[in-house]
Every structure is written in C-alpha cells, then in structure tokens.
Amino acid sequence: MTASVGRLSQDKLAESVPLQPIAERKVHTYDEALAEAGFGRAQIVLTLVAGLAVMASANESMGMGMILPASQCDLDLDLSRKGAIGGAVLLGIMVSTYYWGYQTDIRGRQAVLKVTLLTTFAFSVAASCANNFYVLLVLRFLAGLFISAPSSAAIVYLGEFCPANRRGQMVTYSCVIGAAGLAYVALVAWWILSYDWLIVVTESFTIRPWRLLFLINGLPGLAVGIVICFFPETPKFLLAQGRSREALEVLRWMHRWNKGYDEFYDVYALQVECQTIDNNVPQKSKNRKVWNQLAPLLKSPYWIYLAASSIQTASVYVTYGGLGMWFPQIMHLVYSSNSPSNSQFCSIIQSSNVSQTIEVTSPSQHACSDTLPPETFIYTLTLGTLCSAFLLLNSLLLSKFTEKPLIYANLTAAGLVGVALQHVSNTYTVAALFCLQIAVGGVTIVLIRSLQVSIFGTEVKATAVALATLAGRLGQVVSNVLFGTLLVRQCSGTLYLVAALLLLSVALNVLLP
C-alpha cells in the first residue's frame with residue numbers, strides 16, 4: 001500500500017514538474033542528477049544487456065572460424081575462399097564503422113542498437129541457407145555492415161547510465177560477458193559439430209550441423225535486439241538533444257529501479273550542457289552533415305585524444321585480432337613439430353616442414369574433410385576463458401584505480417611478453433606467453449574504450465569511439481593477411497614489431513587526460 005501511494009505521488013509530481021528552473025529549486029548538473037538516481041539494479045541489468053550486445057558482435061566474427069572449416073565440403077571452399085569470406089565480415093565492419101558512430105550520435109544509442117542487432121540476426125538466418133560461396137560471401141559482408149555498431153554503441157549506451165566513479169568498472173564487466181563469446185562459440189561448435197546428421201531438402205541443398213551454428217551464434221544478438229526495445233534512450237543523449245523532460249523521466253525510471261517507489265527523486269530541472277556543435281534545435285540534428293559531426297574531433301584537444309587512442313586501439317587489435325587469429329594454427333604447429341624440445345619459438349616456426357605447412361594454399365587437395373580437430377576448440381576456449389578472467393580482474397581493480405594506470409600496466413606487460421617469446425624454448429611456456437599477450441591485448445581494448453567514453457563530449461562520443469575502432473579494424477585486417485607469411489619469413493622482426501607497437505601505445509597514454 002505504501003509503495004502504491006509513493007508511486008502515485010511520484011507520478012503526479014512528475015507531471016507537474018516545471019521544465020524551467022525557478023528560484024526555489026536547484027538546477028542539477030547531469031552528474032548530480034545521475035548520482036541522485038543511485039547505483040544499483042538499473043546499471044546491473046544494463047551491464048548484462050550491453051555485455052550480450054558485445055558478445056553478439058564477437059560471435060559474428062569469431063564464430064566463422066568454426067563454421068568455415070565445417071562447411072568447406074558442402075560449399076567447395078578452399079583456403080582463399082575461406083579467407084575471402086572471413087575478410088568480407090571485416091570489410092563490412094570497416095566500411096560501416098564511422099557511419100554507425102555518426103548515426104549513434106544523432107539518432108540515439110538505443111535506436112541504433114535495436115536496428116543493427118535484429119538486422120544482423122536476419123542476415124545470419126539467411127546465411128544458414130546459403131548454398132554456394134558467392135551467396136555466403138555477400139551475406140557475410142552485409143552482416144558485417146550492421147554488426148560493427150553494437151560493440152561500440154553498447155559501450156556508449158551503458159557508460160552514459162553509470163556515474164563516473166563506476167563507469168569504467170561496469171563497462172569492463174560488460175566486456176567480460178562479451179569476451180565469454182569466445183568460449184560460447186567454442187563450446188557450442190564443439191557440441192553441435194560432434195553430430196553428423198543430414199537432412200536432404202533438395203538434390204542441391206542439404207541441412208547439416210554447421211548451418212545450425214549460424215542461428216545459435218546469433219541468439220545473443222536476437223535476445224538483446226528484442227530486449228533493448230523495452231529500454232529507454234540514455235538521459236545524457238536526450239539532454240544533449242534538448243529533450244530535458246524525457247531525460248528527467250529516464251532518470252526517475254533509474255531511481256525507481258535502484259531505490260524503489262518509497263524514496264522521492266528530488267531533481268526538478270537539469271542544466272543543459274555546453275555543446276560543441278550547434279544542435280539546440282532538435283529537429284535539425286538528424287540533418288546534420290557528416291562533416292559537422294567530424295569537425296570538432298579535428299580541433300584541440302580532441303584530435304590529440306583521438307590520434308593517441310586510435311593508435312592504441314590499432315596496436316591492441318593487431319595483437320588480439322592478428323595474433324589471436326593465427327594462434328590455434330601456430331600452437332598446432334609448435335606441438336606437432338619434430339624440432340628438438342629445447343628449440344626456440346622462431347626456430348620452430350621457420351623450420352622447413354613448418355614453413356611448408358603454413359604456406360600451403362589449398363589444404364584439401366586430397367579427400368575433402370570437414371572435421372575440426374579438438375585443438376581448434378580447446379585453444380579458442382582457453383583464450384575466451386583467459387580474456388574473461390583478465391577482464392574480471394581489471395573490473396575489480398577499477399574500483400581502486402582509473403583506466404589510465406591499468407592501460408599502462410597491461411600494454412607494458414603485453415609488450416614485454418612479445419619480447420620474451422623469442423627467448424623461451426619450452427612449448428608450454430610459449431603457449432602460456434602467447435595466451436597472455438593476446439588476452440591482455442583484448443582486455444586493453446575495453447579499457448581504452450572506457451576511457452574514450454569519459455574524455456569525449458556527448459555530441460561526438462560515439463563518432464570518436466567508432467573512428468578509433470575503425471583504426472583497430474584496419475590493423476586487424478592487415479595483420480590477419482600478413483602475419484602468416486611474416487612469421488615464416490621474419491619471425492623475430494614480426495614479434496618485435498608487435499611489441500614495439502604496444503610499447504609505443506604506452507608512451508601515447510601520457511597524452512590522454
């Protein structure tokens with residue numbers, strides 16, 4: 001009864017709240033209003049939602065590593081075609097990353113999330129029915145065009161609901177869930193591909209377990225795409241658009257979730273933030289030209305922050321996305337090599353039998369086999385578990401430290417591990433160091449994004465995150481294409497290059513606030 005009365009009183013007062021500040025009532029800043037709304041159930045649920053959105057993005061790219069080998073006989077895929085399909089997803093992500101960042105800043109975080117997640121799942125359903133290489137290639141490119149949005153938009157969405165002292169921690173928690181996508185795709189693929197059933201639909205079309213993987217990998221995205229429709233836009237975005245009443249309503253919603261109906265939300269008016277872009281008239285915001293959205297990022301100090309964080313993002317994507325993609329095959333070669341047990345890593349990789357294995361371009365010149373070795377699942381599962389564990393550790397540390405010192409520590413550790421890889425000979429130590437470098441690189445991506453959410457203004461935040469992510473994706477594509485050849489021909493130079501990029505990123509951290 002008391003809760004009901006409290007709710008009625010709160011709703012009635014909400015309807016009568018004056019939009020303009022009056023002398024008797026305080027005008028709150030956004031941070032003050034957010035603190036008054038409290039921290040609790042609302043942010044926890046939103047962390048879960050954002051985490052599943054990040055997982056959906058990871059599943060689309062990492063899941064293809066399981067699907068392509070399993071589908072090579074049905075779709076007549078050689079190594080070059082597999083590379084083209086994997087590259088199509090990354091190309092779609094690169095092409096659309098800036099566009100979705102721009103749309104996130106002018107149309108809203110929630111609107112972009114629900115559209116892109118649901119559309120991506122629709123393309124995954126279509127891809128599960130693909131019957132030849134060209135159809136799958138086009139569908140994977142189209143999926144890449146849309147899946148580029150959730151990984152950055154979800155972080156911005158969650159960050160704007162969290163107070164500054166808990167923002168980095170909650171963003172990192174959401175990425176713990178996202179990193180679990182690696183373990184998710186490995187476990188699901190291990191389970192589904194262990195069966196060998198066949199459903200004949202027509203003479204030219206059959207349904208086999210690998211087709212089901214498209215649907216199961218896309219389930220987290222479908223779930224979040226539906227759930228996000230019932231969640232509000234961030235109050236900070238609404239306030240930046242001049243929609244103060246709607247921003248207050250969302251803040252009251254947060255307050256009710258966190259503190260219940262009995263406690264009154266004592267905020268009546270919000271202070272409008274100074275805008276870098278002239279968007280005081282909300283109707284014009286959707287017609288804003290792309291250049292006007294980009295221009296503030298080319299002015300000091302934003303251009304310094306953007307350049308430094310973009311180079312950092314590219315460096316960790318080279319580590320996590322480049323070395324991570326080659327990691328299972330490299331470890332398989334290390335363990336199957338006939339080299340002496342005390343041989344160093346580069347000596348093993350550059351041995352004649354291993355070099356020949358890596359440079360083979362058509363692995364199915366003999367009888368076609370679509371069976372994946374257990375190592376493929378085990379290595380991916382190990383990486384996913386390590387990434388989640390390191391992210392969880394960093395989340396706990398963020399309750400005591402800010403993002404910058406953790407970025408210093410992680411990048412320094414990853415760079416030194418890259419140097420150490422060339423001086424160890426024990427195969428288990430090589431595997432452990434590779435896992436450590438790749439996992440720490442993946443963790444640092446999250447910390448850099450969390451810092452970007454804090455340092456860029458509301459009106460350009462998503463655009464800045466998208467541009468830095470674009471730089472990272474470019475580094476990932478280049479490293480995916482080149483690392484196989486470079487490790488064979490210039491193993492030491494390649495490892496030193498990766499370590500140098502990571503240590504350069506440590507130095508650039510000084511330029512960030």
For the range 25-173, inverting the pair-averaged 1/r of distinct alpha-carbon atoms gives a Kirkwood value in Å of 16.9
Report, to the nearest whole %, how much of the accessible area of the range 118-277 belongs to carbon and sulfur atoms, 1.4 Å probe, protein only.
65
State which entries of LYS236/LYS259; LYS26/LYS400; LYS114/LYS400; LYS26/LYS404 exceed 29 angstrom in Cα-Cα distance in the structure shown.
LYS26/LYS400; LYS114/LYS400; LYS26/LYS404
Accessible area expressed per residue, the range 23-174, with surrounding protein chains retained (probe 1.4 Å, Å²)
32
For the range 85-232, with the dipole built from +1 on Lys and Arg beta-carbon atoms and -1 on Asp and Glu ones, taken about the Cα centre, which of ALA130, THR120, ILE207 lies farthest toward the positive end?
THR120
Per residue solvent-accessible surface (Å²) - the range 405-448, probe of 1.4 Å:
30
Name the shape class, rounded, prolate or oblate, that the alpha-carbon gyration tensor gives for the range 179-221, where a ≥ b ≥ c are the square roots of its eigenvalues, rounded holds for a/c under 1.5, and otherwise prolate holds if a/b is larger than b/c and oblate otherwise.
oblate
Take the alpha carbon gyration tensor of the range 62-125, find the square roots of its eigenvalues, order them as a ≥ b ≥ c, and report rounded if a/c is under 1.5; if not, report prolate when a/b exceeds b/c, else oblate.
prolate
So which chymotrypsin sites (Phe, Trp or Tyr not before Pro) in the range 393-483 end up in coil per DSSP with only 11 or fewer other C-beta atoms within 10 Å?
none
Each residue of the range 51-66 in order: what ³J(HN,Hα) in whole Hz does its phi give by Karplus 6.51 cos²θ - 1.76 cosθ + 1.60, θ = phi - 60°, with x for Gly and Pro?
x, 5, 5, 5, 4, 4, 5, 5, 4, 5, 8, 6, x, 5, x, 8
What does the net charge come to around GLU403 if you take all other residues with beta carbon closer than 11 Å to its beta carbon, with K and R at +1 and D and E at -1?
+3
Note, ARG449: beta-carbon cut-off 12 Å, +1 each Lys/Arg, -1 each Asp/Glu, net +1
Under 1.5 on a/c is rounded, so check that first for the range 122-214, then, if it is not, pick prolate when a/b is larger than b/c and oblate when it is not; a ≥ b ≥ c are the square roots of the alpha carbon gyration tensor eigenvalues.
oblate
Per-residue counts of other Cβ atoms within 10 Å, averaged by peptide: what ranking do you get for 416-427, 62-73, 249-260, highest first?
62-73, 249-260, 416-427
What whole-number value in cubic angstrom gives the convex hull volume per residue for the C-alpha atoms of the range 208-278?
135
Within the range 130-236, GluC sites (Glu not before Pro) in DSSP loop having at most 11 other beta-carbon neighbours inside 10 Å:
GLU203
I want the local charge near LEU306. Using Cβ-Cβ distances under 15 Å, sum +1 for each Lys or Arg and -1 for each Asp or Glu among the other residues.
+1
Which value, in Å³ per residue, describes the convex hull spanned by the Cα atoms of the range 382-513?
115
Ordering of 99-112, 187-200 by packing [mean C-beta count within 10 Å, highest first]:
99-112, 187-200
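The values are calculated or read from the model by the stated rules, or taken from the named source; none is laboratory data. Please read these numbers as outputs of a predicted model, since none were measured by experiment. Reconstructed Cβ throughout: ideal geometry from the backbone, glycine too, with neighbour counts over all protein chains shown. Remember, those area values only see protein heavy atoms, side chains included, never the ligands or the DNA or RNA. Shrake-Rupley method; radii C 1.70, N 1.55, O 1.52, S 1.80 Å.
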